[in-house]
Amino acid sequence: MAGTAKTLFRVVTEPCPQTSNKVTVVGTGQVGMATVFSLLSQGVSNDVCLIDMMADKLQGELMDLQHGSLFLKNPKITASKDYRISAGSKLCIVTAGVRQQEGESRLNLVQRNTDVFKHIIPSLVQYSPNTIIVIVSNPCDILTYVAWKLSGLPVCKVLGSGTNLDSSRFRFLISQKLGCSTSSVHGWIIGEHGDSSVPVWSGVNVAGVRLKDISPKMGTDDDPENWKSIHKDVIQSAYEIIKLKGFTNWAIGLSAAALANTILSNQHNVHAVSVMVKGVHNLEYEVFLSLPAVLGSNGVEKIVLQKLAPNERCSLKFSAALMAEIQGGLKM
Ligand SMILES: NC(=O)C1=CN([C@@H]2O[C@H](COP(=O)(O)OP(=O)(O)OC[C@H]3O[C@@H](n4cnc5c(N)ncnc54)[C@H](O)[C@@H]3O)[C@@H](O)[C@H]2O)C=CC1
Ligand SMILES: CC(=O)C(=O)O
């Protein structure tokens, strides 16, 4: 301590250099920065580390966020290209890699982002061997599998943000049609975070009242109210937003921060996240897909065994086979 500070303070003890809720976000593009902003503005973590390969961008984002410290909770924010800075992270959120261009499917990105992960994932584990990793980069489910393989971490410690976002879109769109709040509508999208996602119409309810009991044809082709179009809109959401603004970021940033909050605060909330599904719902493939899961500070604690309708099981099986087929062609 020098000069003025030495005169101002009488030192009683040294400050603790470590925090218990350090989060590293890899990739400081649109999704990464929306995630960081959500983490900081909601006070989910007060120790956030940014990693990217673009040094100037990192420095600019760092300074910009630090200048907002007064309006946040005095967080520690750090940034570097060097993974040593991530040491001691409780949670690493990976948003790095290429994104879809207009009209492009998430699955098109698979080999390019697998190659990106070959450097990122081992570096994270090297400096934070006990971390939990949440994958956001697309295609989210396959990259969660890739991250699990590359990390050597137990399966409970690697998950994908998966259909936490799709489920939020689903609940929002249903709530608009019903005229009540998003949080009052309970419904799940499971399976792939992508075109083969599965809406669990059999479980959609408000205050425990199953909408299927009121409208048995809900979600089918011959439903006069055409609820099925809501799932189509969920799938189309990303394509539509990318067409309009070039990328999606706010909702996924909020979604990733919600997962981080549950994990860091050991809250045991249930989220639809991408988990290893082998052996669940009779699925045989070693693939990651979203199912509702209880999350806590050890990562994925439990998978909820939903009572799925036969067509929902069948669609989930289709998603799993698709993931397995693509994984089979990966160069890891
Ligand atoms: N799971 C989900 O729900 C969603 C996933 N995404 C995915 O998130 C990813 C990121 O999207 P955006 O942020 O819009 O892209 P972006 O292009 O804005 O940012 C990507 C960032 O990754 C960085 N990066 C690339 N390779 C890297 C490496 N080897 N090490 C460190 N950093 C690296 C780039 O420098 C860039 O800053 C994409 O794969 C996108 O498809 C996007 C929205 C929702
Ligand atoms: C891009 C993407 O995965 C999404 O917004 O759902």
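We did not get these values from a lab; they are worked out from the coordinates using the rules stated. Predicted model, so just to flag it, every value in this text is computed and none were measured. Neighbour counts are summed over all protein chains in view; Cβ atoms, including those assigned to glycine, are modelled from backbone coordinates with ideal geometry.
Long hydrophobic helices in the chain, taken as whole DSSP H segments with a C-alpha length of 18 Å or more on their own axis and mean Kyte-Doolittle hydropathy at least -1.0: 110-127, 164-178, 228-245, 250-264, 310-328. With an a/c value of 1.5 or above and a/b larger than b/c for the gyration tensor axes a ≥ b ≥ c computed over the alpha-carbon atoms, the stretch 134-197 is described as prolate. The protection proxy used here, the mean number of other Cβ atoms lying within 10 Å of each residue, ranks peptides 162-169, 7-14, 99-106 as follows, highest first: 162-169, 99-106, 7-14. Solvent-free Debye calculation, one equal scatterer per alpha-carbon of the stretch 204-268: log10 I(q)/I(0) at 0.14, 0.22 Å⁻¹ equals -0.71, -0.91.
For the stretch 50-149, how big is Rg over Rh, using alpha carbon atoms and the Kirkwood form of Rh?
That ratio is 1.01, to two decimals.
In angstrom, the C-alpha Rg and Dmax of the chain are 20.9, 79.
Ratio of alpha-carbon Rg to the 2.2 N^0.38 Å globular estimate for the stretch 59-115, to two decimals, please.
Details: Rg = 15.9 Å, N = 57, 2.2 N^0.38 = 10.2 Å.
Expressed relative to 2.2 N^0.38 Å, the Cα Rg reads 1.56.
For Val304, the amide hydrogen comes within under 5 Å of the amide hydrogens of Ala293, Val294, counting only partners 5 or more places away or on other chains and with H modelled in the peptide plane. The alpha carbon convex hull volume per residue for the stretch 220-329 rounds to 155 Å³. Projection of the Cα convex hull of the stretch 93-183, averaged over all directions and equal to a quarter of that hull's surface, yields 7.1 nm². Start at zero, step by 5 Å, and the Cα-Cα distances of the stretch 149-230 spread as 3, 14, 22, 23, 16, 8, 5, 5, 4, 1 percent across the bins.
How large is the translational diffusion coefficient of the stretch 287-328 in µm² per second when you combine the Kirkwood radius over alpha carbon pairs with Stokes-Einstein at 20 °C and 1.002 mPa s?
Details: Rh = 11.8 Å.
Translational D for this selection: 182 µm²/s.
Can you give the FRET efficiency to the nearest 0.05 for Phe318 and Asp64, using r as the Cβ-Cβ distance and R₀ = 56 Å?
For Phe318 and Asp64, the calculated efficiency is 0.80.
The Cα-based radius of gyration and maximum Cα-Cα distance (Dmax) for the stretch 97-255 are 17.7, 56 Å.
Stretched out fully, how many nm does the piece from Ser229 to Leu178 gain, at 0.36 nm a residue minus the Cα gap?
16.9 nm
When DSSP beta bridges are restricted to pairs lying wholly in the chain, around 50% turn out antiparallel.
Placing +1 on the Cβ of every Lys and Arg and -1 on the Cβ of every Asp and Glu, with nothing else charged, gives the chain a dipole about its Cα centre of roughly 680 debye.
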